[in-house]
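Taking it in order: structure first as structure tokens, then the write-up.
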Amino acid sequence: MTVTISRLYDSYADAQAAVRGLEAAGVPHSDISIIANNSDNWFSTDKKVDRDRDGVDDRAESAGKGAGIGAGIGGAAGLLAGLGLLAIPGLGPVVAAGWLASTALGAAAGAATGGIVGALTEAGISQEDAHVYAEGVRRGGTLVSARVPDADRARLDAILNKSAVNLRDRSAVWQKSGWKTFDPASKPYGADEVRKERQLYAGGMR
């Protein structure tokens, strides 16, 4: 039996480490996905992107391997080499790779709950958690999801838990300010809003 495990991270670097941990633990690239907020344009088409730190522009590397945006790819260099720019309803500009991004784009056309929430719930994530994950990306976070054998869940959960956001605590903070659920029709956060949101948790609150 296969289950989906997901975690939200405040920084792309933490999410990147989680993806690498999953890959090192033997999870196939095709079963891992990453969706990161790009409101501040950290992943720019105008400059070199070397997220896998091998000295080669990831986009050129991906093109050379026949990689496509949202195609559920990763290639021999790993999932992170396949990053591409996407627009998902309610999230605005995101940088993504893997199966969840592909599903979200497909779900966006017909899912009343929105592309990302529909994709997460279809994968087995609860409605409640799916809304928090989606809102987390909207506010500047990065979501990592993986399809894994149930027998390996505890071991792989431990890898993802490092530096992950405490979903219940974060949701409670948002609810105090009036947030209820993720709304795919809402205006995506801009760069300044994302910066302010990240500053709230820079001191270690997760």
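Go through segment 175-206 residue by residue and tally those that are free of Cβ contacts under 8 Å to residues at least 40 places away in the same chain and either surrounded by 17 or more Cβ atoms within 10 Å (Cβ to Cβ) or assigned to a helix (DSSP H, G or I) (or both).
Number satisfying all stated conditions: 6.
Quick one: how many residues across segment 19-41 are within 15 Å of the chain's Cα centre (by Cα) and either within 20 Å of residue 194 (Cβ to Cβ) or aromatic (Phe, Trp, Tyr) (or both)?
The total comes to 6.
Restricting to segment 137-161, give me the number of residues that are in a helix (DSSP H, G or I) and over 17 Å from the mean Cα position of the chain (by Cα). Step through it out loud before you land on a result.
First, pick out the residues of segment 137-161 that are in a helix (DSSP H, G or I): 137-138, 150-161.
Those still in the list that are over 17 Å from the mean Cα position of the chain (by Cα) too: 150-155, 158.
Of the residues in segment 137-161, 7 are in a helix (DSSP H, G or I) and over 17 Å from the mean Cα position of the chain (by Cα).
Inspect all residues belonging to segment 101-116 and state whether any of them is part of a loop (DSSP other than H, G, I, E, B), under 17 Å from residue 130 (Cα atoms) and either of a type in the set (Ser, Thr, Tyr) or at pLDDT 95 or above (or both).
For segment 101-116, residues part of a loop (DSSP other than H, G, I, E, B), under 17 Å from residue 130 (Cα atoms) and either of a type in the set (Ser, Thr, Tyr) or at pLDDT 95 or above (or both): present.
Hey, residue 101 hits all of (1) in contact with a strand residue (DSSP E or B) (Cβ under 9 Å, 6 or more places away or on another chain); (2) surrounded by fewer than 16 Cβ atoms within 10 Å (Cβ to Cβ); (3) under 26 Å from residue 40 (Cβ atoms) but one; which does it fall short on?
(2)
Can residue 37 be described as crowded, with 20+ Cβ neighbours inside 10 Å and modelled with pLDDT of 75 or more? Before you say what the answer is, go through the steps one by one.
Values: crowded, with 20+ Cβ neighbours inside 10 Å: yes; modelled with pLDDT of 75 or more: yes.
The answer is yes for residue 37.
The values are calculated or read from the model by the stated rules, or taken from the named source; none is laboratory data. Small disclaimer: the values here were computed from a predicted structure and weren't measured. Here Cβ is always computed from backbone atoms with ideal geometry, including for glycine, and neighbour counts include all displayed protein chains.
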